[in-house]
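Accompanying notes for the structure given below.
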Amino acid sequence: MLYRFKSKACGDVVMLPPHGRRVLEILGKDPEGPGILLPEQIPAALEALRAAVAAEEAQAERKREEAEAQGEELTIPPDERVPLRARVAPFIEMLQHCQREGCEVVWGV
């Protein structure tokens, strides 16, 4: 099942299941059913997504440093080659539009 995030402020954002599920888990939302992100929840959602991106980037940097210290080349698994920052960028842009317009984001409906 694809995750389709909808709003009245902009076009839909569609994500593959593992990535949509991860975004909803970061937001503390149930990934199994329909849901809504109200305008007053958007600032906290943006903060949570940005914190998750920063945490992932810090972890990737630690892995690079450890591999370099051991004289090894860092190999990145295929499912980790596209960073969270790139995957959530369209969704963050959607949330920013919704924040300006004062409208909600829905999914699974």
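The values are calculated or read from the model by the stated rules, or taken from the named source; none is laboratory data. For clarity, every value in this text was computed on a predicted model and none was experimentally measured. Neighbour counts are summed over all protein chains in view; Cβ atoms, including those assigned to glycine, are modelled from backbone coordinates with ideal geometry.
Being farther than 24 Å from His97 by Cα, in contact with a helix residue (DSSP H, G or I) (Cβ under 6 Å, 6 or more places away or on another chain) and either surrounded by 11 or more Cβ atoms within 10 Å (Cβ to Cβ) or not hydroxyl-bearing (Ser, Thr, Tyr) (or both) is the requirement here; does Leu84 meet it? Working first, answer last.
On the way: farther than 24 Å from His97 by Cα: no; in contact with a helix residue (DSSP H, G or I) (Cβ under 6 Å, 6 or more places away or on another chain): yes; either surrounded by 11 or more Cβ atoms within 10 Å (Cβ to Cβ) or not hydroxyl-bearing (Ser, Thr, Tyr) (or both): yes.
No, not satisfied.
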Exercise for the section: Of the numbered conditions (1) surrounded by 11 or more Cβ atoms within 10 Å (Cβ to Cβ); (2) of a type outside the set (A, V, I, L, M, F, W, C); (3) out of contact with any Lys or Arg (no Cβ under 7 Å at 6 or more places or on another chain); (4) in contact (Cβ under 8 Å) with a residue 12 or more places away in the chain, His19 fails exactly one; give the number of that condition. Expected result: (3)
Handout entry: Count of residues meeting criterion [surrounded by 14 or more Cβ atoms within 10 Å (Cβ to Cβ), within 21 Å of His97 (Cβ to Cβ) and not charged (D, E, K, R)] in the range 22-38
Key = 6
Completion exercise
All conditions in (1) among the charged types (D, E, K, R); (2) free of Cβ contacts under 8 Å to residues at least 60 places away in the same chain; (3) not in a helix (DSSP H, G or I) are true of Arg4 except (2)
Handout entry: Criterion violated by Gly71 - all others in (1) on the phi > 0 side of the Ramachandran plot; (2) under 15 Å from the mean Cα position of the chain (by Cα) satisfied
Key = (2)
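From the list Ala58, Ala52, Ala45, which one is within 16 Å of Lys6 (Cα to Cα) and either touching a residue at least 24 places away in the same chain (Cβ under 8 Å) or more than 14 Å from the chain's Cα centre (by Cα) (or both)?
Result: Ala45 is the single residue among Ala58, Ala52, Ala45 that is within 16 Å of Lys6 (Cα to Cα) and either touching a residue at least 24 places away in the same chain (Cβ under 8 Å) or more than 14 Å from the chain's Cα centre (by Cα) (or both).
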Exercise for the section: Go through the range 66-109 and give me each residue that's charged (D, E, K, R), modelled with pLDDT under 90 and assigned to a helix (DSSP H, G or I). Expected result: Glu66, Glu68, Asp79, Glu80
Completion exercise
Those residues of the range 1-23 that are out of contact with any Phe, Trp or Tyr (no Cβ under 9 Å at 6 or more places or on another chain) and within 24 Å of Asp79 (Cα to Cα) come to a total of 4
Problem - Extreme residue, farthest from Arg87 (Cα to Cα), among residues of the range 13-63 that are modelled with pLDDT under 95, part of a helix (DSSP H, G or I) and acidic (Asp, Glu) - result: Glu61
Handout entry: Evaluation of Glu104 against (1) without any contact (Cβ under 8 Å) to a residue 60 or more places away in the chain; (2) surrounded by 11 or more Cβ atoms within 10 Å (Cβ to Cβ); (3) over 18 Å from Pro17 (Cβ atoms); (4) not basic (Lys, Arg) (one fails), failing number
Key = (1)
